[in-house]
Amino acid sequence: MSEEATPFISMEVVGVRIEMPSNQPIVLLKEIDGSRFLPIWVGAAEATAIAFAQQGINPDRPLTHDLMRDFCRLWMRPCLQYR
């Protein structure tokens with residue numbers, strides 16, 4: 001069985017929403033060059049962190065993803081894609 005490369009689809013974060021009736025937070029992504037959406041169910045902490053970043057709010061202490069970003073910058077290794 002051969003492995004075929006799956007093309008990456010560029011997406012942007014539309015925002016954080018609450019899915020009803022379960023009252024669960026989701027991050028809503030949209031294709032940049034298309035019309036499809038992708039909801040990703042996340043925890044409350046992750047939803048809050050994403051909403052803060054979109055609103056330009058800086059928490060008093062760094063969150064986990066901030067530490068990872070700073071680590072990547074320190075070692076000059078940019079995060080180009082996520083899988």
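Rule-based calculations on the coordinates, nothing more; no lab input. A quick note: this is a predicted structure, and the numbers were derived from the prediction, not measured. Note that each Cβ is placed from the backbone with ideal geometry, even for glycine, and that neighbours are counted across all protein chains shown.
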Next on the checklist: With n ≥ 4 as the cut-off for DSSP H runs, can you work out [θ] at 222 nm for the chain, using -39500 (n - 2.57) per run divided by the number of residues, rounded to the nearest 500?
Outcome noted: -8500 deg cm²/dmol
Checklist entry - For Glu4, Glu12, Glu46, Glu19, what's the fewest-to-most ordering of other Cβ within 10 Å of each Cβ? => result Glu4, Glu12, Glu19, Glu46
Checklist entry - Using the eigenvalues of the Cα gyration tensor, what equivalent ellipsoid semi-axes result for the stretch 11-74 when each is taken as the square root of five times the eigenvalue, whole Å, largest first? => result 23, 16, 10
Item to check | Pair Trp75, Phe8: separation of 7 Å Cα→Cβ label points (nm) | outcome: 1.8
Item to check | Qualifying trypsin sites (Lys or Arg not before Pro) for the stretch 1-73 [loop in DSSP, other Cβ within 10 Å: at most 13] | outcome: Arg36
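Taking DSSP loops as anything outside H, G, I, E and B, show the longest stretch in the chain free of chymotrypsin sites (Phe, Trp or Tyr not before Pro) there with at most 11 other beta carbons within 10 Å. Could the numbers behind the result be given before it?
Working: sites that count: Phe8, Trp75, Tyr82.
Excluding the exposed sites themselves, the longest stretch runs over 9-74.
For Phe52 and Glu19, compute 0.36 nm times the residue count separating them, minus their Cα-Cα distance, and round to one decimal in nm. The partial results should precede the final answer.
Values: separation 33, 0.36 × 33 = 11.88 nm, distance 1.88 nm.
The Phe52-Glu19 span can extend by a further 10.0 nm.
Work through the residues other than Pro25 whose Cβ is under 14 Å from its Cβ and net out their charges, Lys, Arg +1 and Asp, Glu -1.
Details: positive: Arg17; negative: Glu19, Glu46.
For residues surrounding Pro25, the net value is -1.
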Checklist entry - Given labels modelled 7 Å from the Cα in the Cβ direction, how far is it in nm from Leu28 to Ile40? => result 1.6
